[in-house]
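Note sheet for the following structure.
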Amino acid sequence: MIYMTLGDIVCDAADKMLRPPERLTVSQAAQKYRKLNNPGSYIGDWKNERVPYIVEVMDILGSREYRECIFVGPSQSAKSECILNWLAYTVVCDPADMLIVQMSLAQARDFSMRRVDRLHRDSKDVGAMLGPTSEDNVFDTRYRNGMMVSLSWPSVNELSSKPIGRVALTDYDRMSLNVGGEGTPFALASARTTTFGSFAMTFAESSPGHEVVDPKYLQQTPHEAPPCEGILSLYNGGDRRRWYWPCPHCHEYYEPAFKLLTWDARITNSTEAGESAKMACPHCGALTDAGLKRELNAAGRWVKDGQRITKAGNLRGDVPHNPRASFWLKGPAAAFASWSNLVSATIEAEKEWQQTGSQETLKTVVNTKHGEPYVPRGDDVQRLPEDLKTRSLTWEPQTVPEGVRFLVATTDVQKSNFETTVYGIGPGTGEPGEYTITVVDTFVIQKSERVDEDGDKLWVKPATYLEDWNLLETQIMDREYALADGSGFMGVKLTTCDSGGRDGVTGNAYNFWRALRKRGRDGRFLLTKGEGRPGAPRAVVDYPDTGQKGKYANARGEIPVLFLNTNVLKDYLNGILDSTRATWPDWLPDTFFTQLCSERRGPKGWEKISSKVRNEQLDLITYCLAACLHLGIERIDWKKPPAWAAEWSKNALVRKKEETPKTHEKPARISMAKFAQALA
C-alpha cells in the first residue's frame, strides 16, 4: 500500500492497530474471512456446515474458559484447517503472537509455503494485513497490527525461552515424545503460554500413531481411550468428548466407528466390497447408507465423558470443568473420507498382513483412516508350550518328510557353541505365496577340531578362533538327510548364520565368508543381522561397510548380509505357529517348545517374557523366514518350481540312494599365527 499523506498513515494505523477486537468466534471468523482456492476440489467461502464437528473445536481455541485443546481424528477430517482458521481469526480479529509447530524443519517449511502463503493469497482480509512494514519469510511473519506468527519444529531451542500466548502442534503423534531430554512437545509448548493466564491456548491435533500399551486394559469410563503415548494420552487428560449422531431409524444417538460398519463379505473384490458398506446402529441394528453421512454429521453433537444425549439431541449430566478440552473423532464421520475407501483399504491391509506378516500397512490404515490406536496382532494371545507340543507329528528322526522340497539351516552363535535347526520347506495349499515349514533336525555344535594336551577336543569359541567356523561347512552345509521314502538323500539349499554377538564374532564371520568365496561356496551360505527399525524391509541383502581401513577392516562393502526386520517377521510367524503351515516331530525336547513361546508382542515390538528364558529357537525360525524370502519363496510357482525346489524325483539337491555322495574341497586348517602374519 502507498500512503499519499500523513493522514493516510495515521488512519491506517488506527484501523489496523487501535481498533478493538472484532467480537466473533473462531468459527464465525472462518466463515466470514476464510476463502479456499483448491482447483479440482473446492473454490469458494469456508463453510462450517461441511465439517460441523470442528466448529466446537475452533470455538474452544478462542475461549478464555480453556487453556488447552486436543483434537484426535483421522486423515481427511480437516484437523489442520482448525489451525489455519485460528490463524485467520488471530490475524484479523484478535491479534496475538502465535507459534505453529510441525514435525520437522522440512514440514515447517512446507506448511509455510503450501498452507500459510495460500491463506494470505486466497483470503484477502488476511493477506491485507501484510503491509509494507510487514516482515514475511519462510518461518516468521510479522503483520501490520504488530503480531507475529512463527513456524517451528520440536527442539529445545524452538520450544523454550520465548513466551507466546497461542501455540499449535500439528500431527503430534509423528513427533518425538522427548525433546532433547526436556519433556514432551506439548508440555514444553504449554509452558510457553503460562504468563498469558486465561488468554493462553495450546492446541494439538493428530491421528493416533502410538500402539496400545496394554491391550488387556479395562476401560473405566465410556469415553476413556486405551492407554497410549502421544495424542490419546493428552486426550485422556481432558474432558473426553466424542462425536455422536442420531440413527435415522430409532433416533437414538451413537458414536460412528469402524466396528459398526458392515459390508458384503461374499464379495472378493475389495473395491466392490467397500461399495456395499453400511453403518449398523448399535441400538436397533438398522443399516444406514453412506449417502446420509452429511445429514448425520449436521445433526451430530459432541458429548463429554459423563454426559448422555437424548433422542431430541439434548445433553444431560453435569461434569466437572476441565481446563483442557479434548475431542476424538472416528474415521466414518470424517467429512472427506468415504466408507467404501475405508473398508476397501482395511480389506487390502488385512490381506497383506495374512500374506506377508507385515502389520505396517494395517497399522497405518487403523491410525489414519479408522482414527483409532493400533493393537498389534498377537497381543491378545499368550501361546503355551504344551499347546504346540500336542500338535507334534510322528516320523523318523533326521529324515525329510513327504512334501518338503528343500532344506534351510539356520545357526545362532553362542559363547561356546553353534546352535542350529534345519527346516524343510514345501508348498502351501492356500493363497499364492504360502509355504509350509517343517522342523527336520536341531542340534548344537559344541566341540571344535582343536585339542588339548591330552588330545581331547576343546569347546568351540566362535569369537576367538576363526578355524572353529569351518564346522559350519563340514557339519551343516555338507549335511544330507534321508528322504522318508528311502529313495535318497537331500542336501541343504542355504545355511544362514547370525553375524552379531560378542566382540570378535562379526570379524570371524566375515572372514569365514571370505574363505567360502575362495572355494566358490559362498552362494550356499549367508550371514544375517537383525534390524528392529520400524518400516525396515522384511528381509533385504545389503553390503555393510565398517568404515575401517587397512588390515583390521571387518567389512569394506563386499560381504552380503541379510538384514531382517525381526518384529515384522515374528508378527508373521505368530500366525504361522497357530496354523497347519508349521509342523514338528514328536521327538523334539520340551525346551524347543518353551523357546518358541519365550516372547510376547509389546508396543515397541517382540520382547522376552523373562530375562531368564532362552529364545534361540524363536530366533532360528525367524531367520528361516528371512532366508525363504531371500530365496524368493513368495514368487515360486510350485507347478513349475526351480530345480532345487522340485519334487524329489527331479530335485537338483536330491541324491539317489545308489549315487556316490558329492565331495567338496575341505577347508584348510587355519593357523592363527600364519593368519596374523598375512595381515601384517
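When the criteria are applied in full, Gly575 meets the requirement of being small (Gly, Ala, Ser), touching a helix residue (DSSP H, G or I) at 6+ places or on another chain (Cβ under 9 Å) and closer than 25 Å to Glu352 by Cα.
Which members of region 72-89 meet the condition of being under 21 Å from Tyr42 (Cβ atoms) and not in a helix (DSSP H, G or I)? Matches in region 72-89: Gly73, Pro74, Ser75, Gln76, Ser77, Ala78. Among the conditions (1) closer than 16 Å to Ser80 by Cβ; (2) assigned to a strand (DSSP E or B), Gly44 misses just one, which is (1). Take the conditions (1) closer than 24 Å to Pro589 by Cα; (2) small (Gly, Ala, Ser); (3) over 38 Å from the mean Cα position of the chain (by Cα); (4) in a loop (DSSP other than H, G, I, E, B); Ser416 misses just one of them, which is (3).
Under the condition of being of a type in the set (A, V, I, L, M, F, W, C) and over 27 Å from the mean Cα position of the chain (by Cα), the residues counted in region 160-195 number 3.
Checked against the criterion of being out of contact with any Asp or Glu (no Cβ under 9 Å at 6 or more places or on another chain), at pLDDT below 90 and under 23 Å from Thr464 (Cβ atoms), the candidates Lys551, Lys518 yield just one match: Lys551. Within region 225-240, can you find the residues that are open to solvent by 10 Å² or more (accessible area, probe 1.4 Å) and under 30 Å from Cys284 (Cβ atoms)? Result: Pro226, Asp239, Arg240. Restricting Thr390, Thr364, Thr394 to those that are touching a strand residue (DSSP E or B) at 6+ places or on another chain (Cβ under 9 Å) and hydroxyl-bearing (Ser, Thr, Tyr) reduces the list to Thr394.
Taken over region 470-483, the criterion of being open to solvent by less than 60 Å² (accessible area, probe 1.4 Å) and not in a helix (DSSP H, G or I) is satisfied by Asp478, Tyr481, Ala482, Leu483.
For region 169-198, the tally of residues that are of a type in the set (Phe, Trp, Tyr) and open to solvent by 50 Å² or more (accessible area, probe 1.4 Å) stands at 1. Residues of region 488-512 that are touching an Asp or Glu at 6+ places or on another chain (Cβ under 9 Å), closer than 30 Å to Val654 by Cβ and either part of a helix (DSSP H, G or I) or among the basic types (Lys, Arg) (or both): Ala509, Phe512.
Consider region 90-101 and keep the residues that are open to solvent by 10 Å² or more (accessible area, probe 1.4 Å) and outside any helix (DSSP H, G or I). The one that is nearest to Arg23 (Cα to Cα) is Asp94. All conditions but one from (1) part of a loop (DSSP other than H, G, I, E, B); (2) at pLDDT 90 or above apply to Pro534; the one that does not is (2).
There is at least one residue in region 75-83 that is surrounded by fewer than 23 Cβ atoms within 10 Å (Cβ to Cβ) and either of a type in the set (Phe, Trp, Tyr) or free of Cβ contacts under 8 Å to residues at least 60 places away in the same chain (or both).
Among the conditions (1) open to solvent by less than 30 Å² (accessible area, probe 1.4 Å); (2) modelled with pLDDT under 85; (3) within 25 Å of Tyr465 (Cα to Cα), the only one that Thr528 does not satisfy is (2).
When Asp264, Asp289 are screened for being open to solvent by less than 70 Å² (accessible area, probe 1.4 Å) and charged (D, E, K, R), only Asp264 passes.
The values are calculated or read from the model by the stated rules, or taken from the named source; none is laboratory data. On a predicted model such as this, the values are computed, not experimentally measured, just so you know. When we count neighbours, we look across all protein chains shown, and the Cβ atoms used for this are built from the backbone with ideal geometry, even at glycine. Each accessible area value is taken on the protein alone, full model and side chains, heavy atoms only, with ligands, DNA and RNA left out. Shrake-Rupley method; radii C 1.70, N 1.55, O 1.52, S 1.80 Å.
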